[in-house]
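Working notes, beginning with the structure itself.
Read-outs throughout are calculated quantities, based only on the coordinates presented, and are distinct from any laboratory measurement. These figures come from a predicted structure and were not determined experimentally. Here Cβ is always computed from backbone atoms with ideal geometry, including for glycine, and neighbour counts include all displayed protein chains.
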Amino acid sequence: MAYASRIINHSKKLRNAPNLLRHEQALLVRCFSFSDQPSIGKRDEIWRIHCHGYVASEGEELTKSFLSNTKSLFRAHKRNFSTTTVKVGNSIAGLELNKRLSCSQVPFSRGFSSDAGLPPHQEIGMPSLSPTMTEGNIARWLKKEGEKISPGEVLCEVETDKATVEMECMEEGYLAKIIRGDGAKEIKVGEVIAITVEDEEDIAKFKDYTPSASDASSAADKGPSVSTPPEEEVAKEAVTSPEPKVSKPTAPASEDRIFASPLARNLAEENKVPLSSIKGTGPDGRILKADIDDYLASRSKEAGAATARAKHAAPAELDYTDIPHSQIRKVTASRLLFAKQTIPHYYLTVDTCVDKLVELRAQLNALQEAAGGKRISINDLVIKAAALALRKVPQCNSSWTDEYIRQFHNVNINVAVQTENGLFVPVIRDADKKGLSRIADEVKQLAQKAKEGGLKPEDYEGGTFTVSNLGGPFGIKQFCAIINPPQSGILAIGSAEKRVVPSSGPEQYKFASFMSATLSCDHRVIDGAVGAEWLKAFKGYVENPESMLL
């Protein structure tokens, strides 16, 4: 092959032979690639086919000996001409997926020596491996530059829009230059990806080779398709490789008369479908029932798509205001997110009768008013009851660490206070040791400082348990609060409501006020029985508030 290439290069009469070979690539592949296909026997036929679109300056002087030499040349290299194959994995047009695609899917062109001194070489283009493929990626090269290649060996793996397939080499030679390396993306079909040569000594001459811009653009324009064959080639192909006949839809024979089966006509009339808008697939364009069914199915799909588009249409532009995050909002969000993601919460709820608590509060407030002190709220009494329950069940007055559970000896109760600037939790230190009057004073002072933004770190740091009350201010019946880390529990207080309950006196029924209390526990620290024990102690203090004074 190399010898023939040099002859063609140095012959003025055969100067345009490369163009001829490239132009008739598809014919040469069919004529000389398969041993079971008859070859073209008449030299004048070869001459007519190969000269299609070819004008030589001395065309009349092109001897028949060249034709016979060319024919014998390709007969000698019959086995090596079209060996580029691509492995696929499923059935295409009746062929099994483990078979190989024809080399005509892999675009290539034969280059010859030029004034730049390049030896004969072959440009390998990005193959088209699926009907929808317009570009591909190089996953990796299995051959390196300078390595010898043989027909059937895998050159590289190509990523298409559907799968990753192997591309095999076309003919024997050497991989001189890899134009697009491993991981190359968005390579157009037909774009040059590598250069191969026949002689090993020619490899070094392509060290700095880059394909010309004209070659790349022409390859991209042509894509994987080959040039349109002449009429003689079409006729010859029809004889040598007949294709199975497939019935195709044809237009009706007459514009005035529409042929349709009776069943199809009845179905069209029932659904008000004009037969003129349907293309028949039966003999001579006859409209069948299946054609009507397909039309109705497509129309329903279009209607459904239009409804979906209308349903998902962009709503009218919303009017909004972006409020920047305050620092307290950022801290609150961060801590609560951390708590919910890392602490295994569980919840316990109990209803407590607060009739005696309300009576005690009324008596204490009377004393406070007489002494000039501040009024005591239900929340102050709840804080005192929670503190005493923590002292009675100290396991709930603890926090989790990776090495140990830390149990606190101080009972410091954080009280949730909502302000315009966000949520604050000032702390009442040693709440179990303080009286109700002092707890009431501190809660009011700290709440005022929180609303004014005057809290200091010592006003909210060091808490061991938290109480959140949404019942009194907002009338929330019951809710579950998120634990404030590193604490292990938080008590959520709901509103009090009157209920009818059995009476132990002469009356059969009586009215009583009940308040819902929900304890959120960290299961790493507080077991369910321990949480229940704490709630029992808390309920005892609320329903018998005199015991808090002991």
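In terms of the mean number of neighbouring beta-carbon atoms within 10 Å, the peptides 320-326, 338-344 order highest first as 338-344, 320-326. Pairs exceeding a 22 Å alpha-carbon distance, out of 148/185; 340/536; 330/456: 148/185; 340/536. With contacts taken as Cα pairs under 8 Å and at least 6 residues apart, the stretch 443-517 reaches a relative contact order of 24 percent.
The HN-Hα couplings worked out from phi for the stretch 135-151 by the Karplus form 6.51 cos²θ - 1.76 cosθ + 1.60 (θ = phi - 60°) are 7, x, 10, 8, 6, 6, 9, 8, 10, 9, 4, x, 7, 7, 10, 10, x Hz, whole numbers, x standing for Gly and Pro. Sequence-ordered 3J(HN,Hα) estimates for the stretch 507-513 from the Karplus curve with 6.51, -1.76 and 1.60 and θ = phi - 60° stand at 7, 6, 10, 8, 9, 8, 9 Hz, glycine and proline given as x.
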